[in-house]
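Since the structure comes first, as structure tokens, the remarks are kept for the end.
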Amino acid sequence: MTSEVSIRPALPSDRQTIVEFTRDTFEWGDYIADEFDGWLDRPDMLVVVAVDDDEHAVALAAARMLSPSEAWFHAARVHPDLRGRGIAAQVSVALRAWAAEQGASVGRLLVEDWNEASIRHVEKTGRRRVASMVKCTKSIGDASPSPDGNGGRRVPSRLRARSAHAADAQSAFASWSIGELGRASHGLFGIGWAFRRLTVEDLAAAARGSAFWEIGAGWALASPGPDSRFAVSWLETREEDADDLLRSLVDLGIGSGSESITIWIPNVDWAVRVVRRLGFETELMHVYASAL
Ligand SMILES: CC(C)(COP(=O)(O)OP(=O)(O)OC[C@H]1O[C@@H](n2cnc3c(N)ncnc32)[C@H](O)[C@@H]1OP(=O)(O)O)[C@@H](O)C(=O)NCCC(=O)NCCS
């Protein structure tokens, strides 16, 4: 059954109703109330709402351009009393049309593995699962009671991360593109919670911003972020070097004074085994894509 709703761009005046029905979306709450006003001001984003006959917002979702040809869809929320009626699909039609008008040829989104309703919604609306990514998190430094996850003393890496140069970008990119991690990532890397295609220029730009690291025979994009969180958005390594590379990223995070470290890796067995052995908590998520 499809509910009778109309779809339109969100307005500042929708805030109150949206905040009311999104307050307890997840066990931990929701971030929509904190982000909504800022999103409306961004020229690279569109927030769309579904409204009922009384013009009250009952659903929303957002799209953002991550590159001239890649859109990212997120923040799909339907009022708990109106779920299961295809409203999220109606909202997504408007977002896809906007993204195509902006020049996007592909639109992607991320769904957590446990979120069956969302997986049903995205698979019914023609999206294809293109990569499975694992968000790995761990407390480090003083905030970590058992630094290696086994209560033992932290074993520093045998490898030291060195600042990589823009000239290394091409080799790192080539190694990753033909390696297991690049293939499993479908060429994508994380920007916060969003994913787009990695380019050689991304690595070169990160080198200029001191966020591109060479570690033994591998590489990583890593830098301290807000909330004392050291963020590793991309890495390239081989199975035999993975333990050392990850330990050296933890060392780097500790050296930066961060209290926790977050690493995105594709869902490749040996990589997940290593992060778990090092005491990281892991959350499995899936990137879906559709042509626009
Ligand atoms: C995910 C979500 C946006 C889907 O919106 P929707 O308009 O309900 O989507 P659909 O009508 O296509 O239903 C999708 C699935 O939800 C499940 N569903 C059906 N009725 C439901 C209900 N009353 N409550 C919860 N889930 C229900 C069903 O599995 C359904 O699939 P099916 O119709 O093939 O059986 C909505 O469930 C929601 O707001 N969830 C909380 C926020 C969230 O998880 N957002 C996505 C983050 S990636």
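Identify, please: which residue in segment 87-105 is closer than 11 Å to Ala50 by Cα and not hydroxyl-bearing (Ser, Thr, Tyr) and is, among those, farthest from the ligand (Cβ to nearest atom)?
Once the filter is applied, the top-ranked residue is Ala94.
Please enumerate the residues belonging to segment 23-78 that are away from the ligand (no atom under 13 Å from the Cβ) and either outside the structural domain of Ser92 (by TED's automatic domain parsing) or without any contact (Cβ under 8 Å) to a residue 12 or more places away in the chain (or both).
Once the filter is applied, which keeps residues that are away from the ligand (no atom under 13 Å from the Cβ) and either outside the structural domain of Ser92 (by TED's automatic domain parsing) or without any contact (Cβ under 8 Å) to a residue 12 or more places away in the chain (or both), segment 23-78 yields Asp34, Gly38, Asp41, Pro43, Asp54, Glu55.
Can you tell me which residues in segment 59-82 are farther than 19 Å from Glu35 by Cβ and touching a strand residue (DSSP E or B) at 6+ places or on another chain (Cβ under 9 Å)?
Ser67, Ser69, Glu70, Asp81, Leu82
So Pro145 clears everything in (1) modelled with pLDDT under 95; (2) outside the structural domain of Glu239 (by TED's automatic domain parsing); (3) loosely packed, with under 12 Cβ neighbours inside 10 Å except one condition, right? Which one?
(2)
Each row is one residue, and each column tells you yes or no for (1) of a type outside the set (Lys, Arg); (2) open to solvent by 40 Å² or more (accessible area, probe 1.4 Å); (3) not assigned by TED's automatic domain parsing to the domain that holds His56.
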{"position": "Pro80", "(1), (2), (3)": "yes, yes, no"}
{"position": "Ala89", "(1), (2), (3)": "yes, no, no"}
{"position": "Ser92", "(1), (2), (3)": "yes, no, no"}
{"position": "Leu95", "(1), (2), (3)": "yes, no, no"}
{"position": "Leu109", "(1), (2), (3)": "yes, no, yes"}
{"position": "Asn115", "(1), (2), (3)": "yes, no, yes"}
{"position": "Ser118", "(1), (2), (3)": "yes, no, yes"}
{"position": "Glu123", "(1), (2), (3)": "yes, yes, yes"}
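The values are calculated or read from the model by the stated rules, or taken from the named source; none is laboratory data. This is a predicted model, so every value here is computed, not measured. Because the Cβ atoms are built from the backbone with ideal geometry, glycine has one as well, and the counts that use them run over all protein chains shown. Ligands, DNA and RNA are stripped out before the accessible areas are found, and what is left, the full protein with its side chains, is counted by its heavy atoms. Shrake-Rupley method; radii C 1.70, N 1.55, O 1.52, S 1.80 Å.
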